[in-house]
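Taking it in order: structure first as structure tokens, then the write-up.
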């Protein structure tokens, strides 16, 4: 029923999108900020990667995309920390602006085709055989996941975690929250853009709409990962984000197998996220009733 | 060491809610001074700490620490040198991070020379363990537990340890035992005494408990309506009793219906 091609593509996409899940782990879970820049910076990563790859530098395309994403994250952070724009709105503002920026990067065209372009994957095609796509994305995601976990144990990383974990504590300590939020969102959006950059080369095209709904897809992956992994250590959470992304892609593959129209997938993702985030509240509301107590008012 | 000259702060100036929180405060601390601060609610004790720690900009006056003018230094830059503990034990530690990570954060932040990407070493970790063992709360065996699982007293003791992990120039204790049960409060207070004495830390402590205000440290000041109204040290302080101090408060009609001193 499910061919090996489907399994491979689910794994490949899972590892590529895992970078978004890791990015949201940093912004949403660690910093406690729902970063709406995600959609825009994903597309930005696609666009930068495609343009640089077309110019003949598929490897350089990846750090270039990361830098662009980091810049986008910093804009959101500055809006938030310097101009006191509420965090969600700050992300939406950047995201809206990025639409134009992304079109501009692609030369005011809504897509860039890379059919004959040398990409990361055409470079590995000869040496790696049938896993020429899977191995590079696996290695890339694994390296970045490890780097992220190590980073979060450094002085700067611990400061970023404390910023999200206990604002009261941070206010009384020597942590400049403006700085930690800026670094956090910068790193997070660099990861998101890298995901977009790899995806563009993977599917040999960039499109202005590729990032639509990415924040929800990333959150869904992250939350699936959290239910899979026991609560605990940092590296387990990072592993959970990667696993969740892979599982999400398998769910999508399965849904497509069941002839669900692909237009439905975003609704499914939205429901997964809404239910998963709302679960604690739902449980709380049910508890008094379950105990047989009468709920006040 | 710490020097405050003519420090004043008015909140909401020019409105009906205008509140003169600090009025011409002069205070000078010598290295190693341990000053206890008494005063009813709204006397300006916590505002004084806010001014020293940089939570807001003062209207007039200068604040200097170790000869360096810090009046306009933002709070996060001051707190490299100034440790601060609050009444609420939840305010000083990050609940989602482990005991070790909380200590690592305090340690790495206070040692300013290190790079932003520095991490704690195995030797640091052993040091954390030894220091935790000194608290005698068994925390040394729970270093990888999230702090959110600890009790209020344990968290406050940990906060204290974090504040002095790298000896600060100044330690501000804002009723840091008031929210704890009596036995735990006693424990944290004796820990405070021990740690401050062993490390020769210059310290200011707000308390509502007159006996401990008189027994701890070497100086006591008393605040009312944003001013320092009484200073005790040396022999005068040694001869002071709770009853006499309470009498002085009443004579100065300092205490009112909001009085919250405990004479136990």
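The values are calculated or read from the model by the stated rules, or taken from the named source; none is laboratory data. As the structure is a prediction and not an experimental result, all values here were calculated from the model. Backbone-built Cβ (ideal geometry, glycine too); neighbour counts: all protein chains shown.
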Across (1) closer than 30 Å to residue B:143 by Cα; (2) surrounded by 23 or more Cβ atoms within 10 Å (Cβ to Cβ); (3) more than 9 Å from every other protein chain (Cβ to nearest Cβ), residue B:102 clears everything bar (3)
Here is a list of conditions, (1) part of a loop (DSSP other than H, G, I, E, B); (2) within 11 Å of another protein chain (Cβ to nearest Cβ); (3) surrounded by fewer than 20 Cβ atoms within 10 Å (Cβ to Cβ), and residue B:120 meets all of them except one; can you say which number that is?
(3)
Filter result for the condition that a residue is assigned to a helix (DSSP H, G or I), more than 14 Å from residue A:198 (Cβ to Cβ), at pLDDT below 95 and touching a helix residue (DSSP H, G or I) at 6+ places or on another chain (Cβ under 7 Å), over A:8, A:25
A:8
Only one of (1) assigned to a helix (DSSP H, G or I); (2) under 13 Å from the mean Cα position of the chain (by Cα) is not met by residue A:78, so which one is it?
(2)
Among residues of the stretch B:44-56 being touching a residue at least 60 places away in the same chain (Cβ under 8 Å) and within 12 Å of residue B:226 (Cβ to Cβ), the residue nearest to the other protein chains (Cβ to nearest Cβ) is B:46
Considering B:51, B:94, B:106, which residue is in a helix (DSSP H, G or I), at pLDDT 90 or above and within 16 Å of residue A:175 (Cα to Cα)?
B:106
Take the stretch A:168-210 and flag every residue that is within 10 Å of another protein chain (Cβ to nearest Cβ) and more than 15 Å from residue A:28 (Cα to Cα).
A:168, A:169, A:170, A:171, A:172, A:173, A:174, A:175, A:176, A:177, A:178, A:179
Out of the residues in the stretch B:221-238 meeting the condition of being over 19 Å from the mean Cα position of the chain (by Cα) and at positive phi, tell me which one is surrounded by the most Cβ atoms within 10 Å (Cβ to Cβ).
B:225
I'm checking my understanding of the structure. Among residues of the stretch B:105-117 that are surrounded by fewer than 16 Cβ atoms within 10 Å (Cβ to Cβ) and more than 8 Å from chain A (Cβ to nearest Cβ), which one is farthest from residue B:204 (Cα to Cα)?
B:113
Given the criterion more than 7 Å from chain A (Cβ to nearest Cβ), out of contact with any helix residue (DSSP H, G or I) (no Cβ under 6 Å at 6 or more places or on another chain), within 17 Å of residue B:1 (Cα to Cα) and at pLDDT below 95, identify the matching residue among B:88, B:127, B:59, B:66.
B:66
When you look at residue A:68, is it within 14 Å of residue A:52 (Cα to Cα) and without any contact (Cβ under 8 Å) to a residue 40 or more places away in the chain, yes or no?
no
Given the condition assigned to a helix (DSSP H, G or I), modelled with pLDDT of 90 or more, more than 18 Å from residue B:35 (Cβ to Cβ) and under 15 Å from the mean Cα position of the chain (by Cα), answer yes or no: does some residue in the stretch B:146-157 qualify?
yes
